[in-house]
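Novice: Quick one: the structure is below, questions incoming.
The values are calculated or read from the model by the stated rules, or taken from the named source; none is laboratory data. Bear in mind the structure is a predicted one, so any value in this text is a computation, not a measurement. Cβ placement follows ideal geometry from the backbone for every residue including glycine, while neighbour counts extend to all protein chains displayed.
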Amino acid sequence: MESLQRLSLHFSEISMFPFFDMAHYLCSVLSLREQPGTMEVALRSPIACWFSSMLCCFGGGILSSLMLAEPPAAFLTNTTNIFLASACWYLIFYYPRNIFYKCCSFLPLRLMLAGMKEVTRTWKIVNGVLHANSRFSNAWIIMIAIGWAKGAGGGLISNFEQLVRGVWKPESNELLKMSYPVKVTLIGAVLFTLQQTQHLPVSRHSLMFMYSTFLVVTKITMMLTHSTTSPFAPFEAVLGRMLFGLEQTSASIKGEACTSLNGSHQAVKPLVRESSDSSATSDAIESEISTVTRERRSKKAD
């Protein structure tokens, strides 16, 4: 037990710069490059591509600064990280023959980078919670919100990032349909807030170690199995049915849709009948007129 405590303590003292931060930048830019139409934007407008990449890399700091009424451009003051992220952006998008991109896409290296990125997520959540607590002591809602924004800001501002690339997909809003990283970051923000307010009887370094281990194992498993389903899906289904009646609501919506469709079909049938009756009447009138015309012509001929 003491060895585990010592391990978690040493783990919490790991510096994120430069290797873990570089892994975060590489994974963020890799994910951006693999989105449809990104390479066309990179070739047409490198400035827009660079700005979009910086939003993916530093979205958490930008969003949390906006929420705390701090300068959103404060991340630009850290020139070392900006140059490091810009170097990752250039190598992935513009290295000759895409050699650097292919190397980073090699599965073992990609798994290692993804695991390191998840570790940085833990640090970002903790820093967000501590920063919010320093500004608003024991305001647990603000602490959760800032920790969530700090750890998943790149996903939460994805609509704005897409707008920079000339893409507008309002249906992809993370608040409407949360992805797994956004969900697990929200859970982490709640856990670290409870720990900070002493409602969770566990040390911070132990919670950081356990949470990071869960993130890394889950992420690597999802990548190896090519799974896109959230591990929380069964719990979400149960809680949604118990608290919000999601299945009943969807079933009632489907029933109302079927009823409206049936009503529209029934309303269309009389119209079809009326149109058929009117067409038959017009045909009869035309035949009578043609008959009368023939009779008059025959009388004139006589």
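Novice: Considering each residue of segment 154-179, count those that are closer than 17 Å to residue 56 by Cβ and among the charged types (D, E, K, R), and give that number.
Specialist: Final tally of qualifying residues: 4.
Novice: Sort through 14, 99 and tell me the only one that's assigned to a helix (DSSP H, G or I) and exposed (fewer than 14 other Cβ atoms within 10 Å of the Cβ).
Specialist: So the residue among 14, 99 that is assigned to a helix (DSSP H, G or I) and exposed (fewer than 14 other Cβ atoms within 10 Å of the Cβ) is 99.
Novice: Sticking with this structure for a sec: For residues in segment 31-48 being farther than 25 Å from residue 111 by Cβ and not small (Gly, Ala, Ser), which is surrounded by the most Cβ atoms within 10 Å (Cβ to Cβ)?
Specialist: 41
Novice: If you take the residues of segment 210-232 that are loosely packed, with under 12 Cβ neighbours inside 10 Å and at pLDDT 90 or above, which of them is nearest to residue 185 (Cα to Cα)?
Specialist: Filtering segment 210-232 for residues that are loosely packed, with under 12 Cβ neighbours inside 10 Å and at pLDDT 90 or above, the one nearest to residue 185 (Cα to Cα) comes out as 221.
Novice: Further question: Could we say that residue 176 is at pLDDT 95 or above and exposed (fewer than 11 other Cβ atoms within 10 Å of the Cβ) here?
Specialist: Considered against the rule, which asks whether it is at pLDDT 95 or above and exposed (fewer than 11 other Cβ atoms within 10 Å of the Cβ), residue 176 comes out as no.
Novice: Does segment 69-91 contain any residue that is within 26 Å of residue 186 (Cβ to Cβ), part of a helix (DSSP H, G or I) and at pLDDT 95 or above?
Specialist: So far as segment 69-91 goes, yes, one or more of its residues are within 26 Å of residue 186 (Cβ to Cβ), part of a helix (DSSP H, G or I) and at pLDDT 95 or above.
Novice: Another question about this same structure. Consider residue 76 carefully, then state whether it is among the aliphatic types (A, V, I, L, M) and without any contact (Cβ under 8 Å) to a residue 24 or more places away in the chain.
Specialist: yes
Novice: While we're here: Tell me which of these residue 65 doesn't satisfy, since it passes every other one: (1) within 30 Å of residue 136 (Cα to Cα); (2) out of contact with any Pro (no Cβ under 6 Å at 6 or more places or on another chain); (3) not basic (Lys, Arg).
Specialist: (2)
Novice: Please state which one of 64, 8, 28, 52 is outside the structural domain of residue 115 (by TED's automatic domain parsing), among the hydroxyl-bearing types (Ser, Thr, Tyr) and surrounded by 18 or more Cβ atoms within 10 Å (Cβ to Cβ).
Specialist: The unique qualifying residue is 8.
Novice: Still on this model: Do we have any residue at all in segment 26-47 that's farther than 18 Å from residue 154 by Cα, out of contact with any helix residue (DSSP H, G or I) (no Cβ under 7 Å at 6 or more places or on another chain), in a loop (DSSP other than H, G, I, E, B) and modelled with pLDDT of 95 or more?
Specialist: yes
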